[in-house]
Each structure stands twice: as structure tokens, then as C-alpha cells.
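The values are calculated or read from the model by the stated rules, or taken from the named source; none is laboratory data. Every value quoted in this text rests on a predicted model; they were computed, and no experiment measured them. Every residue, glycine as well, gets a Cβ built from its backbone with ideal geometry; the counts of neighbours run over all protein chains shown. Remember, those area values only see protein heavy atoms, side chains included, never the ligands or the DNA or RNA. Shrake-Rupley method; radii C 1.70, N 1.55, O 1.52, S 1.80 Å.
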Amino acid sequence: MAQPRIGQTVVVDVPATTANIGPGFDCLGAALDLNNRFTMRRIEGDGERFELIIEGQEGSHLRGGAENLVYRAAQRVWKAAGEGPFALEARVRLAVPPARGLGSSATAIVAGLVGANALVGEPLSREKLLELAIDIEGHPDNVVPSLLGGLCMTAKAASQRWRVVRCEWMHSVKAVVAIPAIRLSTSEARRAMPKTVPVGDAVVNLGALTLLLQGLRTGNGDLIADGMHDRLHEPYRWRLIKGGQEVRQAALEAGAWSCSISGAGPSILALCPEEKGPSISQAMVRAWESVGIASRAPLLNLQTTGSHWQPRDAG
């Protein structure tokens, strides 16, 4: 294992994620076929230098420096591998907008881990990268599918190990994600939640999660509709999303099986059959327009391959 030469470059593609998916609070997440691309290059300078270049209309507020999530993740890799830090540049083609409930911070963490590991010859296993990603993010529901792809259920077992179960998602189930121009920070969304919840609400969520996973596995819209209900976080978060309930209702009236907040919001996830996707997308965009908020609502598939990297010739 040796430090890369100046100019050595890797390209890392990292998918967006939708987390919670109704009742799966902090444990269920799915990767979607909307990617951020990070081109990471060793540059001249000391181990505290990190340059960030954003390509795209979003993310102009993001900054480089040693506290950036990409570089913090990279530092964790090098420390675990016994490698000294070095200066790094990341050029990001941003398709996953920040603070929208689509795992933007998870893409930064995963890109930093995967890219930094690749630049020094991949000394860390994917299992170790997964452990580091969860530790940095603090919860697994975005970083796990972002790294591994697919629909993932993650839990800390009695042994204190993180256990990941790849769940099935029938190809006929499509996702419409309505992404508004407004932002909502995860910290603000978490502050809106109570410290404790009634036992009855927890029991309802357990049952709903069982129905949802079976619906996603089989493509049964009735099970998805009954399963994608939550009493742990959504009742406290809808009020933070201007026009959110109107967008949800518009999606259901247009033929969606179910609709929930994507992650911490404000994006809204609708699950549906493919033929209903375009009309649901239009209905959700129009509903947000009615309250003065611009949005877009792409029809997306499950992304099953997770994050991956490839070398790029510096010349």
C-alpha cells in the first residue's frame, strides 16, 4: 500500500436513497437510480487541504476544507488503513440535491470512503467501509443502501454487530419522488419528534412494516398501501413541509398505492405501478405549484448495484 501519485484520480458514482419508507424509521432504506458522481484526485498540499468543486445548480453553499463530509470520511479510511492523510480535490456532478430527504449527506460520506479507499489500493473491505459509514452518519438507513444498493433493512443485533438484510423489491414497483425547491435539515426534522412514543404506535409500525416488505417483495399494491403508514415520525414531520399533505393527496388521487415523506423530507415518495407514474408525477408537481413551490418529480427505479468506482487517467 502506497500513497497515490499527484494527479491520480478515481471516479465514484453514488446513488440517492429514500429512507424510512413509511414505517421503517432509521432502519429501512432503498437506493434509487439518481446518482451523484464524485471525481476525486490527489493534489499538491498537506493533509488538511481539501478542494470541493460543485457542478450543477444545487450545492453552491457547500464548501471544501478539512471539515467537509467527503474529506472527513476519507480521513477515517486512511486512519483505519494506517495511511497518512494527503491533499484531495473532489469535483461533484450533483444530481441529488442537499437537504431534500434523498441521502445527499450519505452520498458524500460513501464517496469519501470508497474514493479514499480506492486511491490507496482498497485495503479496507466493504464491510469495514459500511461500519465506518454508519458511525459517521449516526444511523444506517441512508448510507447502507447508498453503499450496497437495493432495499436494505439494517439493525444492530444483540451482539452489537450491524446486520444488513437485503430485501426484495419487485421490478414492477416504481417510485415517483417529488423534490421541491424548499429545504429541510435532518436536525430540524429530528427535533420535531417526541422523545418517547406510545407502545400502541410502536406495535402498529411493526405490523405495517411487515405488510410493506411483503408488498414490495410481491408487487402487491394493496399490501403496500396498507403497509406504508407510520406513527413514529411522520405525524410530527408533515407540518414542517409546506404543501406536503396536498402533494400526498394529489399522488393518491392520481393512482399511487401509497405516499410518504422521503427520509426527513421535504421530498415526498409515492410508490406506484409504472403506467401510473407520469400522471402521479404531474399531479404532485401541480399540487406544489398551487402553494407557490416549484418542484420536479422523476419516476425512478430501484438501483441495485450501489456505489462503484473506476480509475481515470490523470493525463
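Observations on the model:
- Distribution of pairwise C-alpha distances over segment 177-258, 5 Å bins, in %: 3, 13, 18, 20, 22, 17, 7, 0
- Sparsely packed GluC sites (Glu not before Pro) within segment 1-65, loop by DSSP, other Cβ within 10 Å at most 15: Glu44, Glu48
- As an equivalent ellipsoid, segment 80-121 spans semi-axes of 24, 11, 8 angstrom, where each value is the square root of five times an eigenvalue of the C-alpha gyration tensor, largest first.
- Zero-based 10 Å bins, Cα pair distances in segment 125-181, whole percents: 20, 46, 25, 9, 0
- Diffusion coefficient of segment 5-77 by Stokes-Einstein, Kirkwood radius over Cα pairs, 25 °C, 0.890 mPa s: 168 µm²/s.
- Of the GluC sites (Glu not before Pro) in segment 62-113, the ones in a loop by DSSP (not H, G, I, E or B) with at most 10 other beta carbons within 10 Å are Glu67.
- Contact order normalised by residue count of the chain, Cα under 8 Å, 6+ apart, percent: 25
- Percent of Cα pairs in segment 33-183 per distance bin of 10 Å, from zero to the largest separation: 10, 38, 34, 15, 2, 0.
- Along each principal axis, Cα extent of the chain, largest first, Å: 56, 46, 36
- Under Karplus coefficients 6.51, -1.76 and 1.60, residue-wise ³J(HN,Hα) of segment 146-162 in Hz, glycine/proline x: 4, 7, 9, x, x, 9, 10, 9, 10, 9, 8, 6, 4, 6, 6, 8, 7
- Amide H within-cut-off set for Ile54, under 5 Å, with H built and near neighbours excluded: Val92
- Of all accessible heavy-atom area on segment 205-246, the percent that carbon and sulfur account for (1.4 Å): 51
- Leu28 sits with roughly 0 Å² accessible to a 1.4 Å probe, with DNA, RNA and ligands left out of the calculation.
- Residues whose amide H comes within less than 5 Å of that of Cys167, counting only those at least five positions distant or on another chain, are Leu151, Cys152, Met153 (H built at 1.01 Å from N in the peptide plane).
- A 1.4 Å probe run over the protein chains yields, for the chain, 43 Å² of accessible area per residue, whole-number rounding.
- Local electrostatic count at Val10 - Lys and Arg +1, Asp and Glu -1, tallied over other residues with Cβ under 9 Å: +2
- Taken over the C-alpha atoms, segment 100-201 has Rg and Dmax values of 16.1, 50 angstrom.
- Solvent exposure, largest accessible area first (probe 1.4 Å, DNA, RNA and ligands not counted), of His233, His308: His308, His233
- Within the chain, percent of DSSP bridges classed antiparallel, to nearest 5: 90
- Pair Arg286, Ser125: separation of 7 Å Cα→Cβ label points (nm): 5.3
- Percent carbon-and-sulfur accessible area, segment 16-104, ignoring ligands, DNA and RNA, probe 1.4 Å: 43
- Rounded FRET efficiency, nearest 0.05, which uses the C-beta distance separating Ala181 from Val204 and R0 of 30 Å: 0.35
- Largest GNM mean-square fluctuation across Thr17, Thr304, Thr107, computed for the chain with C-alpha springs under 10 Å, falls on Thr304.
- Relative contact order of segment 52-129, pairs being alpha-carbon contacts under 8 Å that are 6 or more residues apart, as %: 40
- Length released on extending from Asp222 to Arg91, taking residue separation times 0.36 nm less the Cα-Cα span: 42.8 nm
- Contact order normalised by residue count of segment 96-196, Cα under 8 Å, 6+ apart, percent: 27
- Amide H contacts under 5 Å for Ile21, placed H, 5+ residues apart: Gly263
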